[in-house]
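Data block below; observations after.
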Amino acid sequence: MKRILLISLLFMIMVGCATPTIKDYSKEIKRNPKDAKAYLNRAIAYYRLGEYQQAIYDCSKAIGLNPNVDKAYINRANAFSALGNYQQAINDYNKAIELNPKFAEAYSNRGNAYSGLGDYQQAINDYNKAIDINPKDAKAYNNIGFAYKELGNYQQAINDYNKAIELNPNYAGAYVNRGVAYDALGNHEMFIQNLKIAAKLGQKQAQNYLSSKGIEWQ
């Protein structure tokens, strides 16, 4: 039985700029209904509010106005993925990659979608492609670790979590996931040790678990 909920592997990278408010973008669209960038940026703003259907609508509007913008496809794919529509997400990631074969985020996020479908080997392939483009992508290593863990290859998962932590020593989620992999190998001491590090970094699940067991972590 799992002792702690795993950190979500699905770290979707939104691509674009959404600093102004939805209201600002709506005004811009009203002034210029053919402004694909305004639709895209409003989509990102909606995504960040968890309004995924509206994000999909706005990305689709942006694509209709300019079908050659890779960022519109990846952001629509992210919204589809957030809704659990992984196959549709993969279709859009494919298009983003077709338009931009060096789009590391598209490979990484497509890997998340394949993981959502349970196709962990294909997910690993995509994470590796993302790393080939961006070797310092700590999140891709964490996600590869998760995929290997799901395949039962716990030692390889630990190796990848180690790399994620090497690239980002403050990556609390990678410590939790590494701890879970150690626990699966029967090494409860390393499980607790990794949770303590994550807890000190502010990871709430680790803090709650350790506190529930009466284990000091502060």
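Each value in this text was obtained by applying a stated rule to the coordinates, not by laboratory testing. What you are looking at is a predicted structure, and each value in this text was computed from that prediction instead of being measured. Neighbour counts are summed over all protein chains in view; Cβ atoms, including those assigned to glycine, are modelled from backbone coordinates with ideal geometry.
For the chain, the dipole from Cβ point charges (+1 on Lys and Arg, -1 on Asp and Glu) about the Cα centre works out to 620 debye, to the nearest 20.
The mean sequence separation of alpha-carbon pairs under 8 Å and at least six residues apart, normalised by the residue count of the stretch 1-134, gives a relative contact order of 18 percent. Over 20 Å apart at the Cα level, from the set LYS136/LYS200; LYS136/LYS163; LYS23/LYS95, are LYS136/LYS200; LYS23/LYS95.
The ranking of ILE44, ILE197 from fewest to most other beta carbons within 10 Å of each one's beta carbon is ILE197, ILE44. Ordered by the count of other Cβ atoms within 10 Å of each Cβ, fewest first, ARG110, ARG31 give ARG31, ARG110.
Only lysines eight or more places from LYS27 in sequence, or on another chain, were considered; those with a Cα closer than 26 Å are LYS37, LYS61, LYS71.
Could you give the C-alpha radius of gyration of the stretch 148-218 expressed as a fraction of 2.2 N^0.38 Å, taking N as the number of residues it contains?
Numbers: Rg = 11.6 Å, N = 71, 2.2 N^0.38 = 11.1 Å.
Taking N as the residue count of the stretch 148-218, the ratio is 1.04.
Between the Cα long axis of helix 120-133 and the first principal axis of the chain there is an angle of about 70°, rounded to the nearest 10.
Compute the Rg to Rh ratio over the chain from the alpha carbon atoms, using the Kirkwood formula for Rh, and round to two decimal places. Mind showing how you got there, number by number?
Numbers: Rg = 19.1 Å, Rh = 18.3 Å.
Result for the chain is an Rg/Rh of 1.05.
Rounded to whole numbers, the Karplus 3J(HN,Hα) couplings from phi for the stretch 152-158 are x, 9, 5, 5, 5, 4, 4 Hz, using 6.51 cos²θ - 1.76 cosθ + 1.60 with θ = phi - 60°, and x at Gly and Pro.
Put simply, the convex hull of the Cα atoms in the stretch 69-144 casts, on average, a shadow of 4.2 nm².
Can you put GLU216, GLU105 in order, fewest other beta carbons within 10 Å first? Provide the component values of the computation, followed by the final result.
Values: GLU216 8, GLU105 24.
Taking fewest neighbouring Cβ atoms as first place, the list is GLU216, GLU105.
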